[in-house]
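Following: one structure in C-alpha cells, then a few remarks.
The values are calculated or read from the model by the stated rules, or taken from the named source; none is laboratory data. Given the structure is predicted, the values throughout are model-derived calculations rather than measurements. Methodologically, a virtual Cβ is constructed for each residue, glycine included, from the backbone with ideal geometry; neighbour enumeration extends over all protein chains shown.
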Amino acid sequence: MLRGSTSAAAALAVLLAGPAFGGTPAVPRALARNFDGVWTNATVTQLERSAAFSQLVVPEDRAAALDKATAARRAAANGQSDLSEGAFKDENATAGYNSFWIDSGDGLMRVRGQARSSFITSPADGRMPFRDRARSLALMMRDGAEYRSGKGAYTGPEDLPIRERCLIAQSDAGGPVMLNAIYNNNYSFFVTPGYFVIDLEMNHDVRIAPIFASAKAARAAHAPAVIRPWLGDTVAWWEGDTLVAETKNVNPIQEGRTMTPVSSQGTVTERFTRIAEDELLYQFTVEDPVHYTQAWSGEYSFRPAKGQIYEYACHEGNYAMEGILRGARMAEAADKGGN
C-alpha cells in the first residue's frame, strides 16, 4: 500500500509540474515543431531580478497593478506635447530617444500565465552568479559611462562599442542569451528539416543553426575552437518536440561587450518548446567557469507579433564614427593647447 501511494504521488507530481526542459507541448502535433512566423519578447521584465521583487512569480494583484501603471506611463508619455513648456529644448543630452521610439511591451513577462519578476529562474535570487561582476562587465560599464557623458578616449574604430560599429545587436537580442530591449523586440523564426533560422529585427542579425539527428551528432559538428563567430557557433537537435540549440565559441569581442559574457570555455544551451498556439517557451542554461561560479538558467515566452520585420538600417557606423573620432582628436588638441 505504501509503495503504491508513493508511486501515485510521484506520478501526480510529474503531472502538476507541467512542461520542463524538453517537455511535451500541449498543442496539436502539426504546430508542435512549427515555429515559423514573427514572435516578440517585448516586456518590462528584465534578465535579472530587481530589489523591488522578492520572488520569481509576482502575485496577480501586484502584477495587474504594475501592468496598469506601465500602460498609464506610456499613455502619458505619448500624449500631446504642451509647446508652452519648452518641450523641444535640447536639454536632455544623456538620452537619445523619447517615448515615440520605445516599445518594451505592455507589462511583466508571463510564462504559462504566471507573471515573472526576472528571466533568471536559477539561482533562486534571480541574479547572475558572476565570479567578479565588475571585471566581466568592465567594458560594458565603460561604454555606458562614455555614452552618458559623451566623453571617451576613442583611440580608433575598434575602441568604440559594438552598437556604434553596427556589428551586432547592442541589446544582446541575438544571444546567447537572447534578451529584450527598449525597442525592436521582434524575431522571425524558420524551421526546416535541416536548419533553424532566427532573423532578428534588431540590427539585422541572423542566427543559422544546422539541425542534426542527435545531440551527439550535433556536438561533433561544432567548428574548431579557434573559430569564434559573432553570436557563437550554434548546432541544434530535437528532443521530442523541443528544439535544443547549443552554442559555443562566442566571438571574443562580443564576450567583452555583452551583458551575458561567455568565454571560450563556456556553453549556452537554449530550448524552444511551443507550449500553446500563442506561446513559444524559451529556456536557457549558461555554463562558464571563467565568468560564473555556477551554471545559471532562465526562461521566458515569445508571443506572436503583428506584421513583418522590416530592414533595420544602422547608420552609426557610416556617419557617426568619423564625427566621434574627429571630436576626440579635437578634444585632445584642445587639452594640449593646440587648435
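When segment 148-166 is limited to residues that are surrounded by 19 or more Cβ atoms within 10 Å (Cβ to Cβ) and aliphatic (A, V, I, L, M), the one that is nearest to the chain's Cα centre (by Cα) turns out to be ILE162.
All of VAL262, VAL286 fail the test of being modelled with pLDDT of 95 or more, among the hydrophobic types (A, V, I, L, M, F, W, C), under 20 Å from the mean Cα position of the chain (by Cα) and not in a strand (DSSP E or B), apart from VAL262.
Does segment 219-228 contain any residue that is buried (at least 16 other Cβ atoms within 10 Å of the Cβ) and within 16 Å of the chain's Cα centre (by Cα)? Outline the logic, then answer.
As a first pass, look at segment 219-228 and keep what is buried (at least 16 other Cβ atoms within 10 Å of the Cβ): 222, 228.
Narrowing the set further to residues that are within 16 Å of the chain's Cα centre (by Cα) leaves none.
Checking segment 219-228: not a single residue is buried (at least 16 other Cβ atoms within 10 Å of the Cβ) and within 16 Å of the chain's Cα centre (by Cα).
In segment 24-66, the residue that is modelled with the lowest pLDDT out of those that are under 21 Å from the mean Cα position of the chain (by Cα) and over 30 Å from PHE130 (Cα atoms) is PHE35. If you check ILE275, ILE324 for being touching a residue at least 24 places away in the same chain (Cβ under 8 Å), in a helix (DSSP H, G or I) and touching a Leu at 6+ places or on another chain (Cβ under 7 Å), only one passes: ILE324. Here the condition is being outside any loop (DSSP other than H, G, I, E, B), out of contact with any Phe, Trp or Tyr (no Cβ under 9 Å at 6 or more places or on another chain) and closer than 26 Å to ASP67 by Cβ; of ALA134, ALA181, ALA124, ALA115, it holds for ALA115 alone.
Would it be correct to say that GLY307 is loosely packed, with under 11 Cβ neighbours inside 10 Å and touching a residue at least 40 places away in the same chain (Cβ under 8 Å)? For GLY307, the condition - loosely packed, with under 11 Cβ neighbours inside 10 Å and touching a residue at least 40 places away in the same chain (Cβ under 8 Å) - is met. Any residue at all in segment 304-320 that's within 30 Å of ASP125 (Cα to Cα) and outside any helix (DSSP H, G or I)? Yes, segment 304-320 contains a residue that is within 30 Å of ASP125 (Cα to Cα) and outside any helix (DSSP H, G or I).
Here is a yes/no grid of residues against (1) modelled with pLDDT under 90; (2) within 23 Å of ASP205 (Cβ to Cβ):
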position	(1), (2)
SER118	no, no
ALA124	no, no
PHE130	no, no
ARG133	no, no
MET140	no, yes
SER149	yes, no
PRO157	yes, yes
ILE162	yes, yes
